[in-house]
Structure formats: structure tokens, C-alpha cells
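Structure first, then comments.
All of the numbers you see were taken from the coordinates with simple rules; none came from a lab. Since this is a predicted model, take the numbers as computed values, not measurements. In this analysis, Cβ positions are derived from the backbone assuming ideal geometry, glycine residues included, and neighbour counts consider all displayed protein chains.
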Amino acid sequence: MTKVTVAIASYNMANYLPAAIDSALAQDHDDVEIVVVDDGSTDDTREVVSRYGRKVRYEYQENAGVANACNRALELAKGEYVHFLDADDILTPITVDRLAGLLDESPSAGLAYGDALVMDGGSKVYGTRVAPGAFTGRRLIPSAEAFKELLRGCHITKSAVMTRKSVFGKVTPFRQKAAPGEDWDMWLRVAAEYDVVHLPISACYYRVHDASATSTYTVERVMRSHLYTLDTIFGNPTFRYAHLRDYAYACLDRTIARVAARARERRRFVGELRNALVRQPSIALEGATVATVLEGLKTIVPAPVIRAGKRLRGGIATRMVSL
């Protein structure tokens, strides 16, 4: 058996795909296979992959969505572990070796993940996506703790994740109805059954650009996909974490409020945040709620005032340094 399969689902990402494949080929680990599932691309994806010859296994399918493409890659994977890599992202050289080693050491863990550096379409790094403060450092996160944290939002970047292939004998594969939150849906369902292990390394470069899936997010799409996830998970009366149902839906209200704020939908922001606080008042004390409120203020306070505030804050900081 191959140790690790790097599974790449690609749709019209021929411009970025070579960087993704090259990063998978450049891994420190010496037992890696690469599988690319082309989800009905209309660009020159097939030609791009053909240049790699036998180094990459390629399969074309009619367009069926990212979740179905990931599932086909899972079916083709020969690895004991599967590392998912979005076609527009890039792995760091140590990622596969370090995460595979972490799973070797953590038999109760269903998935291992690292942090992500955020870059733009031109590969300029401008931010990070890291684990919550409670998970700082290398540690095994028990199922109950990992599941509850994921209810607060998806802090796990798909391209920073490695799973045991065996978990898909217990957890159903990716669900297209959960898109565009199919990854969050999957991590929740894995965490509900297994522990999760985190390693504080930069496991990937996560690319944000005009053609990425996140660029097409709308409030309604996120609401629909996330409701599907929670309705199916908590619709099971014997679910082991059924007591978190009200908390889960309050967190969803808060998430939709944040998405609405970013979409400049002021009324929707206010309404969803109110729903969250009415449903579960205790979340008012959580950092995610404070962050959501700050995001929402941008929809209420005129942009010139925000810019003036930033300039004032910068001026105060400069004077403090000079003193």
C-alpha cells in the first residue's frame, strides 16, 4: 500500500494546477502518489497534467461538482492516508511527511491538519489561517472538543488536511449538497467520530482569487449549505452530541451575520446576530461574536470614518513609539 495519496480535484484551474502538482512532487516524504480528478474542465487541464507523464494519475469526469470530484479521487487513492489539495493551492515541502508522522503517532485521530498561509492570485502572501488559541501547539484534540470548536466556524483549510482513508468506512464521503461548505461538513462529521490532531506548521499556501470558489459565496448559498449540514447531523436523534443542537444553530446564525456583514447586507447582519444571541445568549462572550460585531460595524460606519480612525490609530502608535 502507498503511504500517502495527494488528491487534487480540479475544475478550470489549468493556470494554477502546475504549481499545485509541483508542490506535491517536491515533498520530503518518499512514498507519495498524486491523483488529479478533472471535473469537466473546459480549459487545457488535460494537457497540463499530461506533461507529468506517469508521475501523476489523471482521470476526467463530466462536471459533477467539487465534492463528487473529491470522492472520485478517494476511490482512486491507494494511500493509507489521503491529503486533499485544492488545485489552486500549494503544499509546503514538509507537509506530507509531518502530517503522516502525526497520524502514525495518533491512532485515535481521524485527521491531522496544519495552518495555512493566505496568498493572492499572484502568489503574494498577505495573511494566515491558524488554529484557535485553545489548540495552539502540537496536541491531540478530543472528539467532543474538536466538534464543538468546528461548530463555531471552519478554521481548517482543506489543503492543510490529511485523513486516514479508513475513516470513510465509517463517515460518508463528501456531500455535494453541502457545497460550498462541503469541507466544513466533512470535518464536522469526522470530528464527531474521531479525535483530531493539529500541528502548528504552515502546511499550505491557500490562494484567494477572483476564480476561486470563495469568490462566489453569497449569504443565501452559505445559509443553504450550512443548514443542510446541521439539519442532517442533528436530525439523528441518537447523535452523540445532540445536546449541542441549539448552540450549533446559534453559531450558524452568527456565521451568517458575519457573511452578511461582508456582503454589506446591513439588515441581514443585524437580524442574524440578534437571532444568535436570542437562541444562545452565552455566545455573546465568545471572541467570534466580538469579531462578528466588529465586522458588522463596517456596514454601519461610513468608510471615510473607518479610514480616518485607522489613520488616527496609526498616528497615535507613531507618537507612542517616538516617545
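Miscellaneous remarks
- Pairwise centroid distance, computed over Cα atoms, of the range 130-169 with the range 27-87, Å: 24 Å
- Trypsin sites (Lys or Arg not before Pro) within the range 137-217, DSSP loop, no more than 16 other Cβ atoms inside 10 Å: 138, 170
- Here r is the Cβ-Cβ distance between residue 282 and residue 64 and R0 is 45 Å; the resulting FRET efficiency, rounded to 0.05, is 0.65.
- Anisotropy class of the range 157-260 from Cα gyration tensor, a/c 1.5 cut: oblate
- Overall form of the range 1-61: prolate. Here a/c, set by the Cα gyration tensor axes a ≥ b ≥ c, is 1.5 or more, and a/b is the larger of a/b and b/c.
- Computed extension gain for residue 123 through residue 105, at 0.36 nm per residue and net of the alpha carbon distance, reaches 3.1 nm.
- Whether the range 1-111 is rounded, prolate or oblate, judged on the alpha carbon gyration tensor where a/c under 1.5 counts as rounded: prolate
- Here r is the Cβ-Cβ distance between residue 44 and residue 166 and R0 is 51 Å; the resulting FRET efficiency, rounded to 0.05, is 0.90.
- 15 Å beta-carbon shell around residue 269, net charge (K/R +1, D/E -1): +4
- Among beta bridges that DSSP assigns inside the chain, antiparallel share in %, nearest 5: 35 percent
- Environment charge at residue 123 (Cβ cut-off 12 Å; Lys +1, Arg +1, Asp -1, Glu -1): -1
- Volume in Å³ per residue [convex hull over Cα atoms, computed for the range 217-303]: 87 Å³
- Cleavage-rule hits, trypsin sites (Lys or Arg not before Pro), the range 15-94, DSSP coil, Cβ neighbours within 10 Å at most 13: 51
- Förster radius 51 Å - calculated FRET efficiency between residue 76 and residue 243, Cβ distance, rounded to 0.05: 0.85
- Loop sites in the range 43-125: GluC sites (Glu not before Pro), DSSP, at most 13 other Cβ within 10 Å: 62
- Restricting the calculation to alpha carbons of the range 2-211 gives Rg and Dmax of 15.8, 45 angstrom.
- Count Lys and Arg as plus one, Asp and Glu as minus one, and take only other residues whose Cβ is under 13 Å from that of residue 144; the net charge is then -2.
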